[in-house]
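Take a look at the structure below.
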């Protein structure tokens, strides 16, 4: 019997996957993912073919992501043999997408204590796969291939229960924790290094056209079930309590909670998205 693997601390605590200038080191991340896939292949024979297909037979992270998503997204409308080369072409032509996805993987590995490698979210986390699908659809949107962008949005909603409009603008280092029932509307803006839990809505109000969805600045953490409605701005480093309904702007470093949400204090962390502390304990207003 082969020895079982006991998860240790997150690899990010031992190895930095960032370059000197703070950008994700895609090559280093890919090497770590392949090493983990090799370990899994050797320790669990029933996953050997999956490891070969998604990781060990692929020459780059771009090719690996294309392989994983094509397995997940394939349908009668577009089978895997059609889908895989399409996704791979987009990712190879736009290395910035792969860099953004690497930032997302690093964010998940650093913020989720249940995650013990960069490979784990790529293989298993629908939150990562949903945001990766969004990044592809957003690129198609920018390339004026909007029918195909809407197709991928629909697939993500159906398969991952995550509905992100392809026109929405999301930064890097985004952690969608659990992700189920997440909705992000068309004119939403989410900056870098934001953490969002399940059942969150970044929505509009009524039938107003134009800029009608929220702006979420960097470092924000949005608790499970929160609804942020209208063109409101959530300031840098703020925290939105679980189940809150936010209808007004939230200043930087503020903690809000309630229905409707009100300020209950100042965020105890400069970066709630990284701290992932969902309690409402906070300093005075």
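Quick note: the coordinates plus some simple rules give every number you see, no bench work behind them. Just so it is clear, the model here is predicted, and its values are computed rather than measured. As a convention, Cβ positions derive from the backbone with ideal geometry for all residues, glycine included, and neighbour counts pool all protein chains shown.
Between residue 263 and residue 89, what FRET efficiency comes out of the Förster formula 1/(1 + (r/R0)^6) with R0 = 35 Å and r the beta carbon distance, rounded to 0.05? My answer for the efficiency is 0.15. The modelled label-to-label distance between residue 157 and residue 38, using points 7 Å beyond Cα along the C-beta direction, is 4.3 nm. Compared with the alpha-carbon gap, the fully stretched path from residue 147 to residue 207 is longer by 19.3 nm at 0.36 nm per residue. What whole-number distance in Å separates the alpha-carbon centres of segment 11-82 and segment 148-198? The distance from the Cα centre of segment 11-82 to that of segment 148-198 comes to 21 Å.
Per-residue ellipticity at 222 nm from helix content only, as computed over the chain with -39500 (n - 2.57) for each DSSP H run of at least four residues, stands at -12000 deg cm²/dmol. The slack in the chain from residue 80 to residue 124, taken as 0.36 nm per residue of separation less the alpha-carbon distance, amounts to 14.0 nm. For segment 10-160, the Kirkwood estimate of hydrodynamic radius, built from reciprocal distances between every pair of different alpha carbons, is 15.7 Å. Computed over the chain, the Cα gyration tensor eigenvalues convert (square root of 5λ each) into semi-axes of 32, 24, 15 Å, ordered from largest to smallest. If you bin all the Cα-Cα distances of segment 181-285 at 10 Å, starting from zero, the percentages per bin are 18, 55, 23, 3.
Principal-axis analysis of the Cα atoms of the chain puts helix 61-73 at an angle of about 80° to the longest axis.
One decimal place: the segment residue 19-residue 271 gains 88.6 nm when fully extended, by the rule 0.36 nm per residue minus the C-alpha distance. How much of the DSSP bridge set in segment 181-285 is antiparallel, in percent, rounded to the nearest 5? Counting DSSP beta bridges with both partners in segment 181-285, the antiparallel share is about 20 percent.
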